[in-house]
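Take a look at the structure set out below.
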Amino acid sequence: MRTAIYPGSFDPPTYGHLDIIERASKLCDELIIGVLKNSAKTPLFSVEERVNMLKVTTRDIANVRVESFEGLTVDFAKQNGATIIVRGLRALTDFDYELQLSQINKTLCEDIETIFLSTNLKYSFLSSSTVKEVASYRADISGLVPPYIQELVEKKMKERQD
Ligand code: ADP
């Protein structure tokens, strides 16, 4: 049984994340999406909301599970019997940070490997921050997130701006 985790903030999940999830799910028996609870930044969506958004948008992928976690990623991996951490790479700007992170994690736990999936070219510009920025100007985010997420982001932005 090969279990992988895909950790992140997912605030909110985008088509870029979903593309990585779909592809990573084919490389392992079980993929656990780990939604980080204690982000340094204040998230737009609560961890429960983010977990729920991911559950809804990945419900057709049989071997995907969504959990929240706090603390070290390697501890979350160990608790779930995972030996692989999946991360996505968009551009050179991700590389430095991601390399450092994977090396720290390797130092903390030698048995866990980080694997990187390169972004689908279509989504190389796409981040959760971009989605929030575009939505804050009430511009169209339909090409960036699934319709279910779009509705929730637009609702949240409206609540914030009213
Ligand atoms: P974090 O706060 O941990 O970076 P994110 O939710 O921003 O969490 O991203 C989680 C992972 O998904 C990271 O490895 C990030 O590089 C990757 N990712 C985010 N957007 C994309 C995208 N458009 N294409 C590929 N990978 C992506």
>> Rolling a 1.4 angstrom probe over the protein chains, ignoring ligands and nucleic acids, what is the accessible area of Asp60 in square angstrom, nearest 10?
In response: 150 Å²
>> Can you list residues from other chains, or at least 5 along the same chain, whose modelled amide H is less than 5 Å from the amide H of Leu89?
In response: Leu117, Ser118, Thr119
> Taking amide H positions as placed 1.01 Å from N in the peptide plane, with prolines and chain starts having none, which residues 5 or more places from Thr114, or on another chain, fall under 5 Å of its amide H?
Replying inline: Ile85
> Excluding ligands and nucleic acids, what accessible area in Å² is computed for Leu92 using a 1.4 Å probe, to the nearest 10?
Replying inline: 150 Å²
>> With the crude spin-label approximation of a point 7 Å out along Cα→Cβ, what separation in nm comes out for Thr42 versus Gln161?
In response: 1.9 nm
> Ordered by residue, what ³J(HN,Hα) values in Hz, to whole numbers, does segment 49-55 give under the Karplus form 6.51 cos²θ - 1.76 cosθ + 1.60, where θ = phi - 60° and Gly and Pro are x?
Replying inline: 5, 5, 4, 5, 4, 6, 4
> Could you give the angle, 0 to 90 degrees to the nearest 10, between helix 15-25's Cα long axis and the longest principal axis of the Cα atoms of the chain?
Replying inline: 30 degrees
> Leaving out ligands, DNA and RNA, what percent of the accessible area of segment 3-121 is carbon and sulfur, probe 1.4 Å?
Replying inline: 51 percent
> How large is ³J(HN,Hα) for each residue in segment 62-74, as worked out from phi by the Karplus curve 6.51 cos²θ - 1.76 cosθ + 1.60 (θ = phi - 60°), to whole Hz, x for Gly and Pro?
Replying inline: 4, 9, 10, 10, 10, 9, 9, 8, 9, x, 6, 4, 5
> Once both axes come from the Cα atoms, what is the angle between helix 147-161 and the longest principal axis of the chain, in degrees from 0 to 90, rounded to 10?
Replying inline: 60 degrees
> Taking amide H positions as placed 1.01 Å from N in the peptide plane, with prolines and chain starts having none, which residues 5 or more places from Val145, or on another chain, fall under 5 Å of its amide H?
Replying inline: Tyr15
> For the chain, what size does the Cα cloud have along each of its three principal axes, sorted from largest down, in whole Å?
Replying inline: 49, 32, 29
> If you plug each phi of segment 99-106 into the Karplus form 6.51 cos²θ - 1.76 cosθ + 1.60 with θ = phi - 60°, what whole-Hz ³J(HN,Hα) values come out, in order, with x for Gly and Pro?
Replying inline: 5, 4, 4, 5, 6, 4, 4, 5
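The values are calculated or read from the model by the stated rules, or taken from the named source; none is laboratory data. Values in this document were obtained by computation on a predicted structure and should not be read as measured data. Note that each Cβ is placed from the backbone with ideal geometry, even for glycine, and that neighbours are counted across all protein chains shown. Quick note on the areas: whole protein, heavy atoms, side chains included, nothing else; ligands and nucleic acids left out. Shrake-Rupley method; radii C 1.70, N 1.55, O 1.52, S 1.80 Å.
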